[in-house]
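For reference, the structure discussed in these notes is given below.
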Amino acid sequence: MRFLILSDIHGNIDALDAVLERAPRDSYDRLLILGDIVGYGATPNEVVSRIFDLEPDAIIRGTHDKVSAGIEGFEASRRIAGEAARWTQKTLTAENLERVAGLPAGPKNVDRDIEICHGSPLDENTFVIDKEDAAQALEDSQRQICFFGHTHLPVAYVKKGSKITVTHPQPGGQDTTVVHVDKTRRYLVNPGSVGQPRDTDARASYATYDSKKLRIEIRRVAYRIDLAQQKISASGLPESLAFRLGLGR
């Protein structure tokens with residue numbers, strides 16, 4: 001079974017389309033979406049429509065999805081994130097607002113080997129940023145492989161016994177980082193962010209998993225960042241959201 005795993009698209013249709021061009025429909029069997037399909041970017045309707053047209057096999061909400069859909073208040077958000085969420089809520093069509101509001105909370109078991117979550121298996125708002133966080137998340141996970149998002153940082157934590165090793169793709173380096181799956185180990189993998197990477201590599205980030213080959217790949221693809229920036233600037237969203245796309249921050 002071949003999986004395509006996308007997270008943190010954040011209303012960026014230019015990045016999403018670049019990923020889908022690199023990973024066309026005949027290249028995977030199942031599509032997994034780890035949340036935050038909206039927020040920050042200027043094309044939330046295009047992204048929501050594209051994702052739902054693809055009929056994901058498993059999809060969960062992210063923190064920005066909750067706020068943008070009115071499930072959670074703006075008060076807890078940072079100022080720019082709150083401004084973007086308000087703009088997104090006003091911009092989404094009634095149909096797409098209903099779609100975002102209806103996204104289920106994670107975690108979600110995909111099959112006997114895979115589960116997905118947004119922040120961590122225990123709390124969708126939690127940031128997993130180091131080995132200590134990963135150890136707790138792996139303790140809480142129910143499957144051998146857990147794909148998570150939220151941090152916008154591509155990474156793979158691999159646990160064997162009590163030892164955890166970490167694989168960080170090199171920013172600006174090769175297009176593909178490979179993680180080989182061993183049935184004696186457990187895996188916590190962040191595919192990175194499609195629409196707003198924060199590891200200083202501005203390219204869109206996503207992951208694939210081939211359960212037959214036992215191979216996870218974290219992949220990067222370049223896209224027209226300038227077009228996404230122009231759309232943000234023209235929309236009235238905070239200009240800093242356009243600027244940071246070029247920095248990968």
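The values are calculated or read from the model by the stated rules, or taken from the named source; none is laboratory data. Keep in mind that what you see is a predicted model, and the values were worked out from it rather than measured. In this analysis, Cβ positions are derived from the backbone assuming ideal geometry, glycine residues included, and neighbour counts consider all displayed protein chains.
Identify all residues within region 152-166 that are within 23 Å of R22 (Cα to Cα) and of a type in the set (V, I, T); write none if there are none.
Filtering region 152-166 down to residues within 23 Å of R22 (Cα to Cα) leaves 152-156.
Passing the criteria: only V155.
May I ask you to list the residues in region 51-61 that are within 13 Å of L32 (Cα to Cα) and not basic (K, R)?
So the first thing to find is which residues in region 51-61 are within 13 Å of L32 (Cα to Cα), and the list is 51-52, 54-61.
Hits for region 51-61 are I51, F52, L54, E55, P56, D57, A58, I59, I60.
Any idea how many residues of region 220-249 are more than 17 Å from G39 (Cα to Cα), in contact with a helix residue (DSSP H, G or I) (Cβ under 7 Å, 6 or more places away or on another chain) and crowded, with 17+ Cβ neighbours inside 10 Å?
Residues flagged as more than 17 Å from G39 (Cα to Cα), in contact with a helix residue (DSSP H, G or I) (Cβ under 7 Å, 6 or more places away or on another chain) and crowded, with 17+ Cβ neighbours inside 10 Å within region 220-249 amount to 2.
Out of the residues in region 180-202 that are of a type in the set (K, R) and over 26 Å from R50 (Cα atoms), which is surrounded by the fewest Cβ atoms within 10 Å (Cβ to Cβ)?
The first filter runs over region 180-202 and keeps only residues of a type in the set (K, R), leaving 183, 185-186, 198.
Filter again for over 26 Å from R50 (Cα atoms), leaving 183, 185-186.
On the way: K183: 8, R185: 17, R186: 19.
Filtering region 180-202 for residues that are of a type in the set (K, R) and over 26 Å from R50 (Cα atoms), the one surrounded by the fewest Cβ atoms within 10 Å (Cβ to Cβ) comes out as K183.
Tell me, please, whether a residue that is crowded, with 21+ Cβ neighbours inside 10 Å and at pLDDT below 95 can be found in region 157-169.
Among the residues of region 157-169, at least one is crowded, with 21+ Cβ neighbours inside 10 Å and at pLDDT below 95, which makes the answer yes.
Pairs, please: C-beta under 6 Å, at least 6 apart or cross-chain, first residue of a type in the set (S, T, Y) and in region 101-123, second assigned to a loop (DSSP other than H, G, I, E, B) and surrounded by 14 or more Cβ atoms within 10 Å (Cβ to Cβ)?
S120/T126; S120/V128
Could you tell me which residue of region 58-82 is nearest to R2 (Cα to Cα), considering only residues that are over 15 Å from the mean Cα position of the chain (by Cα) and in contact (Cβ under 8 Å) with a residue 40 or more places away in the chain? Give the derivation first.
Pass one, region 58-82, residues over 15 Å from the mean Cα position of the chain (by Cα): 67-82.
Next cut, in contact (Cβ under 8 Å) with a residue 40 or more places away in the chain only: 80-81.
Numbers: I80: 37, A81: 34 Å.
Checking each candidate, the answer is A81.
Can you say whether G62 is farther than 24 Å from V155 by Cβ and either at pLDDT below 95 or touching an Asp or Glu at 6+ places or on another chain (Cβ under 8 Å) (or both), as far as the supplied structure shows? Spell out the reasoning first.
Numbers: farther than 24 Å from V155 by Cβ: no; either at pLDDT below 95 or touching an Asp or Glu at 6+ places or on another chain (Cβ under 8 Å) (or both): yes.
It is false that G62 is farther than 24 Å from V155 by Cβ and either at pLDDT below 95 or touching an Asp or Glu at 6+ places or on another chain (Cβ under 8 Å) (or both).
Name the residue, out of S205, S193, that is touching a residue at least 40 places away in the same chain (Cβ under 8 Å), within 23 Å of P24 (Cα to Cα), outside any strand (DSSP E or B) and within 15 Å of the chain's Cα centre (by Cα).
None of the other options fit; the residue is S193.
Would you point out which residue out of V194, V221, V179 is more than 24 Å from V47 (Cα to Cα) and of a type outside the set (K, R)?
Numbers: V194 fails: more than 24 Å from V47 (Cα to Cα); V221 fails: more than 24 Å from V47 (Cα to Cα).
On inspection, the qualifying residue turns out to be V179.
Where residues in region 149-190 are of a type in the set (K, R) and part of a loop (DSSP other than H, G, I, E, B), which of them is farthest from K213 (Cα to Cα)?
R185
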